[in-house]
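Q: Once you've had a glance at the structure underneath, I'll fire off some questions.
The values are calculated or read from the model by the stated rules, or taken from the named source; none is laboratory data. The model shown is predicted, which means the values in this text are computed figures rather than measured ones. FYI the Cβ positions are ideal-geometry reconstructions off the backbone, even for glycines, and counts take in every protein chain you see. In case anyone asks, the SASA skips ligands and DNA or RNA and just uses the protein heavy atoms, side chains included. Shrake-Rupley method; radii C 1.70, N 1.55, O 1.52, S 1.80 Å.
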Amino acid sequence: MTEKHSLPERHNGSAPSARRRKQRGSQILEFTLVLLPMLGFTFLIIDVAWAVYTRSTLQYAVSQGVRYAVTSQTITGMGQRASIQTVVQNASFGKLNQTSGAATGTNGWNNIYVDWYLVNADGSLTNEDGVTGGNGMQADGSLPLVRVSVQNLSSSTFMPTIKMPGLGTMTAITMSAASWDRMESPPLAAGGYSVPAQ
């Protein structure tokens, strides 16, 4: 008796193509589910890097301002305070880009502060701002401290992370930076020390 072997049934091409269509649909869904968090994290990293860069730039600018301030130099036609503010502004890589001496505005010149302080015997500080000669050598030969700062500079984020759903309403980041040093002896002028005008 001979055995008959039956050939397996051949399926029509509809089942594999339907399976391929389902795989394509799930790939699009998986890509979408992965893409949104990935973009969120990417924007967050860029925003944090932008904030760190802005803060570092401000710290660099005030450091340059203090280095200039301790030498008692002035820019031609400017007082000492305005000269220091100009140096800070020029070293800020455009972060403080408002026109020098502008009377209005929230970012720029009006955020740069220069103050002089005397150190008292008990270690406390006396603000010499506006005191004639307060930025130069005192009668007892002591030299004041100078503080150059950028205060309350409002900086927007680089990428629209704060506009993404679920993160709530956030305002722009407010940053400050300050640098201190002791004034050097002012340059000698005819008849003694010369103290530049504040």
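Q: How much net charge surrounds Tyr117 when only the other residues with a Cβ under 13 Å from the Cβ of Tyr117 are counted, with Lys and Arg +1 and Asp and Glu -1?
A: -2
Q: For region 114-121, in order, what is each residue's ³J(HN,Hα) by Karplus, 6.51 cos²θ - 1.76 cosθ + 1.60 with θ = phi - 60°, in whole Hz (x at glycine and Pro)?
A: Calculated HN-Hα couplings, in order: 10, 9, 10, 9, 9, 8, 7, 4 Hz.
Q: Okay, next question. For Ala139 and Ser185 in the same chain, what is the full-extension length gain: residue separation times 0.36 nm, less their Cα-Cα distance, in nm?
A: 15.3 nm
Q: What ranking of Arg67, Arg182 comes out by heavy-atom accessible area, probe 1.4 Å, highest first?
A: Arg67, Arg182
Q: If you add up the charges near Val70, with Lys and Arg at +1 and Asp and Glu at -1, over every other residue whose beta carbon is less than 9 angstrom from its beta carbon, what do you get?
A: 0
Q: Moving on. Would you mind calculating the gained length between Val52 and Met38 on full extension (0.36 nm times residue separation, minus the Cα-Cα distance), in nm to one decimal?
A: Computed gain between Val52 and Met38 is 2.9 nm.
Q: Also, I was wondering about something else. Go through region 127-141 residue by residue and turn each phi into a ³J(HN,Hα) via Karplus (6.51, -1.76, 1.60, θ = phi - 60°); whole Hz please, and just put x for glycine and proline.
A: Whole-Hz 3J(HN,Hα) from phi for region 127-141: 6, 9, 4, x, 7, 4, x, x, 9, x, 5, 7, 4, 7, x.
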